[in-house]
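Here the structure comes first, spelled out in structure tokens, and everything after it is commentary.
The values are calculated or read from the model by the stated rules, or taken from the named source; none is laboratory data. Since this is a predicted model, take the numbers as computed values, not measurements. Ideal geometry is used to build each Cβ from the backbone, glycine not excepted, and the neighbour counts take in all protein chains shown. Remember, those area values only see protein heavy atoms, side chains included, never the ligands or the DNA or RNA. Shrake-Rupley method; radii C 1.70, N 1.55, O 1.52, S 1.80 Å.
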Amino acid sequence: MSDLLQGLNPAQRRAVEAISGPVLVLAGPGSGKTRVLTHRIAHLIQTAGVDPLNLLAVTFTNRAAREMRERLTTLVGKGVAMALTVGTFHSLCARFLRRDIVYLERARDFVIYDSDDQERLVRRMLHDLNLDVKQYQPRSILSRISSAKNELVSPTEFSRINRGYRDEVVARCYQRYQVLLREANALDFDDLLVETVRLFEQHPTVLAHYQQRYHYMLVDEYQDTNRVQYVLVQQLAAQRRNLFVVGDEDQSVYGFRGADVRNIRSFEQDYPEAQVILLEQNYRSTQAILDTAQAVISADAGRKHVKQLWTENSAGIHVALYKGYDQEAEAAFVADEIVQLVASGTFTMRDCAVLYRTNAQSRALEEAFSRRGLRYQIIGGIRFWERKEVKDVLAYLRFAANPFDSVSLTRILNWPTRGIGERTEIELARWAAQLGVPLFQALKELDNEHAASPFSARTINILRSFLCLTEELNAACRQLPLVQFIAHLLERVPVRETLVREYKTNEADERWRNVEELSNVANRYSALPLEEQLPTFLEEVALVADVDKLDQMADAVTCITLHQAKGLEYPAVFLVGLEDGLVPHSRSLDQRDQLEEERRLLYVGMTRAKQRLYLCHAGRRMSFGHTATTIRSRFLEDIPPALIKSPMRQRAVAAVPQLGIAGRNSGTATNREVARASVVAMPPTKPSAANTVPARLPQKPRVVTFFAGQRVAHTRFGEGVVVSSRLIDGDEEVTVSFTDRERRLLAELAGLVRVEA
């Protein structure tokens, strides 16, 4: 047996040794699918003698692509690994289009518009069409356009198949949006895929080139493919049919992005000769976690291939099911449990992750972590590349590379300020439309005596000065290496002075450091030919995803959405907000397919856990400024009671001051503050044999001791006024209006003190 096959289980070995023809590998979570993919590529090269240039591997994230290439470097060596074509759908299509988009009568130096650029373009488009931005939200319009593109529906076809006035408006927007993109020589993310499919359809010789180049194609996360990706895979694999796809229908959770679980379920219909291999041995989780997760996913009636996950890992401890009084109590439980896990010496903070359905849920967690001195990282906040100062400098770089990029032009037209207002920008756009030319060309027409511009002499001088600057930068970007060009740009454009003028000293310094970081990133491209440095840099920046910034080596708790957590794993995982309306989300309650996708999303979250899994929900949750009673997730009802265990009532714990805080707040809570906070957050549940109240807690009151209108004081929240008070299972629940907001507290545990008038 070759070294490549050593350590593989029988199912993995079958997958690795499957050389020719279509192969469907249904890989359960934690079953070693990345190992199978990389070992199969190495096996094809070392055993089957396949030239690495003839292999194409497609992933869904840059992080997955990097991991795959790193593993392959270990298996086959750096030189061979670099010869492989490995990347995401979007990065690969961008590469194909850089070479062959000329067949579609487009220039190779196109720019890629991110979501912010798209929104700016849509706002301009709505203005062109005399449509109200408030009535027709840009994001809503973009969502409709993106959905159409994912289904390969052109503007003309969209107009034909849709009915109703609003559909007609979207059709007009779609048509105009594409015109503006082409005018700017720009593509959005969806266009990268759509234009590649169109290229292959309209130019068979181009498709034949890639079919002859790539003898073997491997696709990861096949269950997440949408219509356009499905067609693209079929086009590339049509000639040789050596298509190896890995996926899991139980982990198909991107329907809102157009992903269609039917793609993986119909693979055997598309390729009747396909081998189907199930990877059921799990290397990640304990059997207790697997049994609980399978209880949830087994209730999905739409499953085609049923996998029974098993592991040689230990049985593990029961999955914990915790109900908090409200979201603050839920967050306090999570924070205190993490403190205890870290204090035990078995876990570090980076071993712990908190998963939630919506980003808004992180607020209560951040407050609880800050009070206890826990470091944390929030994935999904403002990305480095989305910061205003970074976007502004990038706009100069993009405009220097492509002067017809109208979105970048309008972004830098009055930054730093030149005395050009919004009115001038609108006039420029209107004048360009009258001339029938892009904005940049309209600027050049200012020197044409026969083109009567609508601007004053002062404005013309300012615009001409701006034009001279941009033409100089356009020439410099073609003559200087990227790092030197950025330095030149920052000399010619007073970026630092502008930041100092617009922000306070500390914030200005931080923003300037972000700008300087661009030069550090640019260094990575110094080895490329000069003409490739700036285009490659801009392309890769545009394709960066949120989860790519995750620092898995940081000693901090990771707070991340369920969708973003896909593909990750942690020793201890806390799933919070498991309530109807969150999981499943309120938008999915009326449609069976969306409801089952929410079930799969919970399954994905549960199977991120290796040793400890906590399922948490709150009895009350604040939403849109109002607190309402919740119903725990219907999916939890599918878990047999024998598989779960309620944790002990949360007890006061010592803070860990030496851990510090890495979040949006600073400072470390004292032991006394932490103890008080954790006691106040305790849920008002009845004691039981498995949920014993610590003896040191005070006895529950038998009568109401506070009344409406009474002034009280709390050691942390300050003074407030009692709104109401009532007994619940022997606990006195007091609703108090404090300065910041209204809170519900347990009277005796909260330590409320009456304030004399």
Checklist outcome for this item: Quick calc, Lys388 & Thr505: beta-carbon distance into FRET formula, R0 22 Å, rounding 0.05, result 0.80
Checklist entry - Got the relative contact order for the chain handy, in percent, Cα pairs under 8 Å and 6 or more residues apart? => result 16 percent
Checklist entry - Amide H neighbours of Ala618 under 5 Å, counting only residues 5+ apart in sequence or on other chains, H built in-plane at 1.01 Å? => result Gly324, Gly577, Leu578
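Suppose only helical runs count, i.e. DSSP H with n ≥ 4. What mean residue ellipticity at 222 nm does that imply for the chain under -39500 (n - 2.57) per run, divided by all residues and rounded to the nearest 500 deg cm²/dmol?
-13500 deg cm²/dmol
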Checklist outcome for this item: Full extension between Arg418 and Arg163 adds, at 0.36 nm per residue less the Cα distance, a length in nm of 87.2 nm
Checklist entry - Under the definition of Cα pairs under 8 Å and six or more residues apart, what whole-number percent is the relative contact order of segment 220-284? => result 41 percent
Checklist outcome for this item: For the chain, the longest principal axis of the Cα atoms and the Cα long axis of helix 287-297 enclose an angle in degrees, to the nearest 10, of 70 degrees
Checklist entry - Given a 1.4 Å probe and every protein chain left where it sits, what share in percent of the accessible area of segment 366-430 is carbon and sulfur? => result 51 percent
Item to check | Additional length obtainable on full extension of the chain from Ser526 to Val306, 0.36 nm per residue less Cα span | outcome: 74.2 nm
Item to check | Label-point gap, in nm, between Ala475 and Glu517 - each point 7 angstrom along Cα→Cβ | outcome: 3.4 nm
Checklist entry - Cα convex hull of the chain: mean projected area in nm², to one decimal? => result 37.9 nm²
Checklist entry - Under a point spin-label approximation (7 Å from Cα along Cα-to-Cβ), what is the Glu273-Ile317 distance to one decimal in nm? => result 5.4 nm
Item to check | Whole-number accessible area per residue in Å² for the chain, which is evaluated in the context of all protein chains at 1.4 Å | outcome: 44 Å²
Next on the checklist: For a 25 Å ceiling on Cα separation, which of these pairs sit above it: Lys307/Lys566; Lys33/Lys307; Lys78/Lys391?
Outcome noted: Lys78/Lys391
Item to check | Theoretical FRET efficiency, 1/(1+(r/R0)^6), r = Cβ-Cβ of Thr629 and Ser298, R0 25 Å, to 0.05 | outcome: 0.30
Checklist entry - Alpha carbon centre of segment 1-45 versus segment 131-174: separation in Å? => result 43 Å
Item to check | Modelled FRET efficiency - R0 45 Å, Thr715 with Glu70, Cβ distances, 0.05 increments | outcome: 0.30
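Could you give the length gained by full extension between Lys444 and Leu53, i.e. 0.36 nm per residue of separation minus their alpha carbon distance, to one decimal place?
Once the chain is fully extended between Lys444 and Leu53, it gains 136.2 nm.
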Checklist entry - Given N residues in segment 444-540, what is Rg(Cα) / (2.2 N^0.38 Å)? => result 1.38
